[in-house]
Amino acid sequence: MNYLTYAQSIHDLSIIRASGIKEVIISNKYLSRFSKLECCRELMLAARKLNLTVILEWDILIVESDFAGISERFNAISSELYDVIRVQDVGVLEYILETTSKPIQFVAQTGNHNLIGLQKWVSYIGTRLERIILSLELNKDAIKNYCQQLSCPVEVLVVGPILLFYSPRKLLSAPLLESINQEVIEAMGESEESPHKGFPILENRHGTFMFHIKDLFLLDKLDELMQTGAQYYRLDLRHQEDLNLITDIVNPRAKENHFAQVKQAYKRDVIRGYFHINKSDVLFKKLKNSRVQRKDEHYIGEVIETKKSDYMAIWIRTNQTIKLDDELKFINPEGKQFICKVYMLKNSSYESVESCGRGQLALINYMGGVWPKSQVYINSESLEE
């Protein structure tokens with residue numbers, strides 16, 4: 001098996017070498033999306049001494065105003081320290097083709113889902129192309145077809161985070177203006193329209209990245225992966241405390257249930273991703289929950305907060321009003337419906353009132369099962385009565 005992985009320290013290198021892995025990806029924080037290294041020279045020298053093939057990663061996307069400064073960072077790294085250059089940005093690819101003679105690994109993970117496009121990149125890079133890295137969103141049938149049709153080796157991710165969203169903008173720190181001064185900011189995101197939450201979000205000098213709540217894990221599907229024809233299998237464990245898990249993954253004396261044990265030892269929940277079927281449409285349905293969309297003329301608004309045994313706070317978004325003794329229908333993000341009669345009604349100042357209208361916050365009596373993002377309607381059945 002041709003495994004490769006990332007190294008961030010000398011300790012990582014020792015684990016990688018002991019595991020039998022022969023290729024290592026190394027970079028600094030100026031060239032790589034997720035590297036934390038200020039300088040990678042010493043790490044590359046150490047990898048050389050261990051007879052590892054060193055892949056220099058330059059996978060960031062660059063705007064024109066930053067290109068000169070970033071290319072200087074690249075040129076400051078001696079070409080004798082690495083064997084291959086790994087690129088994603090098309091401008092970077094062109095720069096590498098013109099200014100170096102090193103082999104190239106092209107990261108085709110975004111915007112390259114069709115065979116014609118991939119074949120064009122293979123043709124354009126030519127003999128300099130060592131391999132192409134395929135998208136995580138391709139299922140096994142597509143991977144197999146592409147491996148058969150492409151004239152270069154193919155690499156796929158088998159363990160690691162699934163990137164859902166990227167923006168070059170600083171989306172976490174921007175709202176805080178000057179009140180925060182951190183190079184790396186981490187947070188957890190949640191959908192405004194569904195109960196799905198726990199999406200890891202990372203902001204660094206290159207922008208903002210949001211990941212799936214579960215990591216990709218295909219180690220228990222290696223037999224199927226090998227049948228696709230993919231030759232290289234990438235392990236991305238940079239978010240783990242250390243790389244000790246690699247020793248278990250690459251264990252040549254693995255037992256039949258070996259990868260089930262590895263999965264248990266993995267520190268995050270995992271999924272197969274798109275490997276068996278492309279479920280990208282399912283993901284969007286989860287992010288855009290139909291259960292919390294406005295449905296009819298009896299719509300009032302949505303629950304924005306609940307306090308157990310005390311109140312439910314409803315934001316009134318239409319010309320409907322909420323009055324004492326009204327009967328309301330709630331549909332929570334799971335689609336469950338609840339009927340509740342209003343026998344307590346207060347405004348945002350917590351003053352008792354007879355009614356609340358458009359744009360106001362209405363506090364009514366609490367009901368279990370109703371969560372924030374639940375949609376609120378006048379109960380049409382009570383109107384008919």
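What follows is calculated from the coordinates using simple rules that are stated; it is not laboratory data. Just so we're clear, the structure is a prediction, and the values are computed from it rather than from any experiment. So basically every Cβ, Gly included, is an ideal-geometry build from the backbone, and we count neighbours across all protein chains shown.
Can you list residues from other chains, or at least 5 along the same chain, whose modelled amide H is less than 5 Å from the amide H of Ile300?
Residues meeting the criterion, in which the H sits 1.01 Å from N, are Val376, Tyr377, Ile378.
For region 1-89, which GluC sites (Glu not before Pro) pass both filters: DSSP loop (anything but H, G, I, E, B) and at most 15 other C-beta atoms within 10 Å?
Numbers: sites: Glu23, Glu38, Glu42, Glu57, Glu64, Glu72, Glu80; in loops: Glu38.
Of the GluC sites (Glu not before Pro), the ones in loops of region 1-89 whose Cβ has at most 15 other Cβ atoms within 10 Å are Glu38.
Give, to the nearest whole percent, the P(r) tail of region 40-97 beyond 17 angstrom, counting all Cα pairs.
On the way: 643 of 1653 pairs.
I get 39 percent for the Cα pairs in region 40-97 exceeding 17 Å.
Taking a temperature of 25 °C and a viscosity of 0.890 mPa s, what whole-number D in µm²/s does Stokes-Einstein yield for the chain with Rh from Kirkwood over alpha carbon pairs? Let's see the in-between values first.
Numbers: Rh = 24.2 Å.
So the translational diffusion coefficient is about 101 µm²/s.
Among Asn145, Phe211, Ile201, whose Cα lies farthest out toward the positive end of the dipole of the chain, if unit charges sit on the beta carbon of Lys, Arg (+1) and Asp, Glu (-1)?
Asn145
Let me know the charge dipole size of region 290-384 about its Cα centre in debye, to the nearest 20, where only the beta-carbon of Lys, Arg (+1) and Asp, Glu (-1) is charged.
Numbers: 13 positive and 13 negative charges, 73 e Å.
The calculated dipole for region 290-384 is roughly 360 debye.
Under a Cβ-Cβ cut-off of 14 Å, what is the net charge of the residues other than Tyr366 that fall near it, where Lys and Arg count +1 and Asp and Glu count -1?
On the way: positive: Lys307, Lys308, Lys341, Lys346; negative: Glu305, Asp310.
Around Tyr366, the surrounding residues sum to +2.
Could you list Cys39, Cys147 so that the one with the fewest beta carbons within 10 Å of its beta carbon is first and the one with the most is last? Write down the numbers at each step before the final one.
Details: Cys39 13, Cys147 18.
Fewest-to-most ranking of Cys39, Cys147: Cys39, Cys147.
Amide H of Glu305: which non-local residues (sequence gap of 5 or more, or other chain) have their own amide H closer than 5 Å, using H built in the peptide plane?
Amide H neighbours of Glu305, under 5 Å, 5+ apart: Ala313.
If you look at just the Cα atoms of region 72-146, how large are its Rg and its Dmax in Å?
When restricted to Cα atoms, region 72-146 yields Rg and Dmax of 13.5, 42 Å.
For a Förster distance of 25 Å, can you work out the FRET efficiency between the beta-carbons of Ile116 and Asn139, rounded to the nearest 0.05?
Working: r = 18 Å, r/R0 = 0.73.
Efficiency, from the Cβ-Cβ distance: 0.85.
Might you report the magnitude of the Cβ-based charge dipole of the chain about its Cα centre, with Lys and Arg at +1 and Asp and Glu at -1, to the nearest 20 debye?
Values: 47 positive and 50 negative charges, 155 e Å.
For the chain, the charge dipole is close to 740 debye.
Expressed as a whole number of Å, what is the distance separating the alpha-carbon centroids of region 118-174 and region 24-68?
For region 24-68 versus region 118-174, the Cα centre distance is 19 Å.
Once amide H atoms are placed 1.01 Å from N in the peptide plane, what residues at a sequence separation of 5 or more from Arg86, or on another chain, have their amide H within under 5 Å of its amide H?
Result for Arg86 returns Leu56, Glu57, Trp58, Gln105.
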